[in-house]
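A.B. asks: Structure provided below as structure tokens; questions to follow.
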Amino acid sequence: MRRPGQFKMVLLGESAVGKSSLALRFAKGQYQEHAESTIGAAFLTHTLQIDQDTSLKVELWDTAGQERYHSLAPMYYRGAQAALVVYDITNGESLRRAKQWVKELQQVNANDMVIGLAGNKADLATGNRRQVDSNEVREYAEQNDLIFMETSAKRGDNVTEIFMSVAKVVASKQPSGTPKTDGAFSAAKSKPKESSGCCGSDSKT
């Protein structure tokens, strides 16, 4: 059996939008109602079966959303083939911050990185709690060639789907079907250890 390829994917977004919750739901099928915020970054892995002949091991780097950790972000997204930028649909300011992340990634990586955009906390999109219009974001995503879905880490809505969609595009960019992670980051002194409890959560949803 052919060994699976692998790629590095970084999660970016403001604090408390649910990056860690999405990572934990995707990688381990778990959801933690109450968890501490991520400090620096945390690391998880999960293998996806893209098709009958192609499987990809996703190396997830879940970054802290607090502004004081922003200067560390380039160290984590360097060498990444993909990024998932997350915002909270009940927090309009978090979308503005997400757009800044997208702009930064596009400037640094040009067209080399596959970028997904997740509007998290879809389970809270009731009454007047929603602050972000999905049609507006969809138009923005189309203009910027982003893979966009609204997700709920709590219920599991579109979590696997958005990661799978990003992975399929990454695989399509690799003729061999076995993309490899840039090894430059592996020597970074701050590489956190993978843990079964993930990494603390930026959010409850």
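Each value in this text was obtained by applying a stated rule to the coordinates, not by laboratory testing. Being a predicted model, the structure only gives us computed values, none of them experimental. Glycine also receives a Cβ, built like all others from the backbone with ideal geometry; neighbour counts cover every protein chain displayed.
A.B. asks: Extending each Cα 7 Å along its Cβ direction at Thr45 and Gln174, get the distance between those two points in nm, one decimal.
C.D. replies: 1.3
A.B. asks: Show me the ranking of peptides 158-171, 46-59 by mean Cβ neighbours inside 10 Å, starting with the highest.
C.D. replies: Details: 158-171: 20.4, 46-59: 16.4.
Taking the mean over residues of other Cβ atoms within 10 Å, the ranking is 158-171, 46-59.
A.B. asks: If packing is taken as the average number of other Cβ atoms within 10 Å across a peptide's residues, how do 135-143, 74-82, 9-17 rank, most packed first? Present the calculation step by step, with values, prior to reporting the outcome.
C.D. replies: Working: 135-143: 13.0, 74-82: 20.0, 9-17: 25.4.
The peptides rank, most packed first, as 9-17, 74-82, 135-143.
A.B. asks: At R0 = 41 Å, how high is the FRET efficiency between Gln131 and Gln52 if r is their beta carbon distance? Nearest 0.05 is fine.
C.D. replies: Working: r = 42 Å, r/R0 = 1.03.
It comes out at approximately 0.45.
A.B. asks: Something else now. Determine, from the Cβ-Cβ distance of Lys103 and Arg138 and an R0 of 25 Å, the FRET efficiency 1/(1 + (r/R0)^6), rounded to the nearest 0.05.
C.D. replies: Values: r = 18 Å, r/R0 = 0.72.
E(calc), rounded to 0.05, equals 0.90.
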